[in-house]
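Working notes for the structure below.
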Amino acid sequence: MPYVIISQKASDSVCPHGKKRQMMQDMYRQAKASFFVYQHNLSLTEAQIGYSLANAEVVRNPHRAIIPEPLPYPKIEDEIFKIACVARLWILDKGQDVLLRVLAQDKWQHRHLHIYFFGTGVDRDTLIDMANFLGLKNVSFPGFVENIVDIWHHHHALIMPSRAEGLPIALVEAMMCGRPGIVTDVGGVSEVVEDDITGFMATGASFQEIDKVLERAWQRRYEWENIGKEASIFIRQLIPSYPERIFADKLVQLSTLELNPQILGDRK
């Protein structure tokens, strides 16, 4: 049966070996096409399996911030800057635990900053207990929000202290809405964020790196509105409003090519 492969994530820390590596080589070699949602994903997969994927290309995931222009920047009430951490509550990949420990420092506890952890997940109770144990007064856990755009009507920036990512849809949506991302250089993040231009990027997800990138962002907090505008311009040049339609068209084209020889044979 003809098939295609779509890959959402490859990890520097997980490399296939032995029979699994050979199986992956065979599967990609026999696929009619291979699709990857960011370039780093494609390049890393080729390196890990030691095989050049001539039938591969990059496609984009759908997102839920389909708006023609960035949202108006929220008012800064009582000098408090509101940052949203939008991700499933899963410490292993998303790294919210590191961010909580960073925020426990005196300097962050005495600044006009509040971070809202949006989302649900298996580590919700763990993170809430950790925040309470650390005595954090400037964090909240609002839970899941159905309409992602609603978040960006009221928050000034996104923070993602991730240990691992693909190409985060939450980051794409924040940029579409005109909000800068404070992020880590994992997965395909560097393909959409230019450090100090369209956002702020840490070189890793350690305590020290998260603290440093948040500090850099904080020192430029009155520039977030303009940085967010730059982010919205860049992301619209890279990712279309309806990427799923483009992907669907590619699948239809592939299926048509696959069926044509059979159709011609039937006609004979």
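May I ask you to verify whether Asp12 is open to solvent by 90 Å² or more (accessible area, probe 1.4 Å), more than 30 Å from Leu113 (Cα to Cα) and touching a residue at least 12 places away in the same chain (Cβ under 8 Å)?
When the stated conditions are applied, Asp12 passes them.
Within segment 16-45, how many residues are farther than 25 Å from Val172 by Cα and either under 20 Å from the mean Cα position of the chain (by Cα) or open to solvent by 70 Å² or more (accessible area, probe 1.4 Å) (or both)?
10
Going through segment 230-250 one residue at a time, which ones are part of a helix (DSSP H, G or I), small (Gly, Ala, Ser) and in contact (Cβ under 8 Å) with a residue 24 or more places away in the chain?
Scanning segment 230-250 gives Ala231, Ser232.
Residue by residue, here is whether (1) hydroxyl-bearing (Ser, Thr, Tyr); (2) open to solvent by less than 20 Å² (accessible area, probe 1.4 Å); (3) part of a helix (DSSP H, G or I) holds:
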residue: Asp150; (1), (2), (3): no, no, yes
residue: Leu167; (1), (2), (3): no, no, no
residue: Val193; (1), (2), (3): no, yes, no
residue: Met201; (1), (2), (3): no, no, no
residue: Ala205; (1), (2), (3): no, no, no
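Give, as residue ranges, the helices (runs of 4 or more DSSP H) completely inside segment 46-120 that count at least 3 residues that are touching a Phe, Trp or Tyr at 6+ places or on another chain (Cβ under 8 Å) and open to solvent by less than 60 Å² (accessible area, probe 1.4 Å).
96-103
Considering only residues that are within 21 Å of Lys212 (Cα to Cα) and not in a helix (DSSP H, G or I), which ones fall in segment 169-187?
Within segment 169-187, Arg179, Pro180, Gly181, Ile182, Val183, Thr184, Asp185, Val186, Gly187 meet the criteria.
Can you tell me which of (1) on the phi < 0 side of the Ramachandran plot; (2) surrounded by fewer than 23 Cβ atoms within 10 Å (Cβ to Cβ) is the one Pro180 doesn't meet?
Of everything listed in (1) on the phi < 0 side of the Ramachandran plot; (2) surrounded by fewer than 23 Cβ atoms within 10 Å (Cβ to Cβ), Pro180 misses just condition (2).
Residues Ala217, Ala174: which one is of a type in the set (Gly, Ala, Ser), open to solvent by less than 50 Å² (accessible area, probe 1.4 Å) and more than 25 Å from Phe36 (Cα to Cα)? Give the steps one after another, and end with the answer.
Working: Ala174 fails: more than 25 Å from Phe36 (Cα to Cα).
Answer to the check: Ala217.
The values are calculated or read from the model by the stated rules, or taken from the named source; none is laboratory data. The structure displayed is predicted, hence computed values, not measured ones. Counting neighbours? That spans all protein chains shown, and the Cβs are built from the backbone with ideal geometry, glycine included. Quick note on the areas: whole protein, heavy atoms, side chains included, nothing else; ligands and nucleic acids left out. Shrake-Rupley method; radii C 1.70, N 1.55, O 1.52, S 1.80 Å.
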